[in-house]
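The values are calculated or read from the model by the stated rules, or taken from the named source; none is laboratory data. Predicted, not measured: the structure shown is a model, and the values here were computed from it. Counting neighbours? That spans all protein chains shown, and the Cβs are built from the backbone with ideal geometry, glycine included. These area figures cover heavy atoms from the full protein model, side chains too; ligands, DNA and RNA do not enter into them. Shrake-Rupley method; radii C 1.70, N 1.55, O 1.52, S 1.80 Å.
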Amino acid sequence: MSLSLEVRDVTGGSTGSVTLDEAMFGIQPNVPVLHQVVTAQLAAARAGTQSTKTRAEVSGGGKKPFKQKGTGRARQGSERAPHFTGGGVALGPKPRSYRQRTPRKMIQLALRSALSDRAAEGRIAIVGSWPWEAPRTRDAKDALSALELHGRVLVVLSRSDQEAYKSFRNLPDVQVLLTGELNAYDILCNDWIVFTTETLPGYSGTEGAPGDAVEVAEAVEVVEEELGADEPAEADEPAVEDEPAVEDEPAVEDEPDLRQAGRFALTQVLKDLDEMKKSGDEEGR
């Protein structure tokens, strides 16, 4: 089921309608994820700069207050121990970070849940654009009155809306955020969320917008007609003649086996040595 909202101008007049993205504005809010993400966001905003000095950090205490024995008192080694006036603090706070690790998908789900909650309550307003050429707080206040927005209002702007940012920032019940700064906590803290067609998450186009839609449709028809025109057939490429067959090369004769020839020569040498040895023995006799 698609959710359609009316697009208005700064005077409250209707200029068309827009269909909200169901993935951003039409889901069932996940309350546990919202709680965890908002808690993590508030924890990350804590400075964590509180600090106290231990007995090792306070000045003094280098001398033993009194001798070890003979006074009847408990033995003491330093006057800067935690139980002395002016001494250090035992187990006191130290600078730390309260930041919690939150998965990116949980942050995105919390944002969609917060937007869906405001959309279900009908607390989202959409303005075509802010047409002011000069910043003026009176114009911003009159625009909110014409749009019938009461209570705390969150205005989401783009970086190009410099005049609108300067116009809204002085109003006490208005919070101004850029598109990339939108988060679940600020959405839940405000009663109304005001988007422009440029800053609306998941914006897919307006319905019933005069003028521009007709021109775009006519341009599309012209392009389709040009693409559908018959293009001249390309000339067939000349057939490539077959290349002359390459004559078979003469067969290469088998090369002699050098390894076998080496074995034969070695055998012959051994036979000659045996014969020489036998002849030598006979001569000696």
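Sorted by packing (mean other beta-carbon atoms within 10 Å per residue), highest first, where do 109-120, 135-146 land?
109-120, 135-146
Loop-only check: which chymotrypsin sites (Phe, Trp or Tyr not before Pro) in the stretch 98-182 are DSSP coil with at most 14 other Cβ within 10 angstrom?
Tyr98
Considering only protein heavy atoms and a probe of 1.4 Å, how much of the accessible area of the stretch 86-178 is carbon and sulfur, as a whole percent?
46 percent
Per residue, what accessible area does the stretch 1-92 have, given a 1.4 Å probe and all protein chains present, in Å²?
67 Å²
Please list 3J(HN,Hα) in residue order for the stretch 91-101, calculated via the Karplus relation 6.51 cos²θ - 1.76 cosθ + 1.60 where θ = phi - 60°; whole Hz, with x for glycine and proline.
The phi angles translate into 6, x, x, 10, x, 8, 9, 9, 5, 10, 7 Hz.
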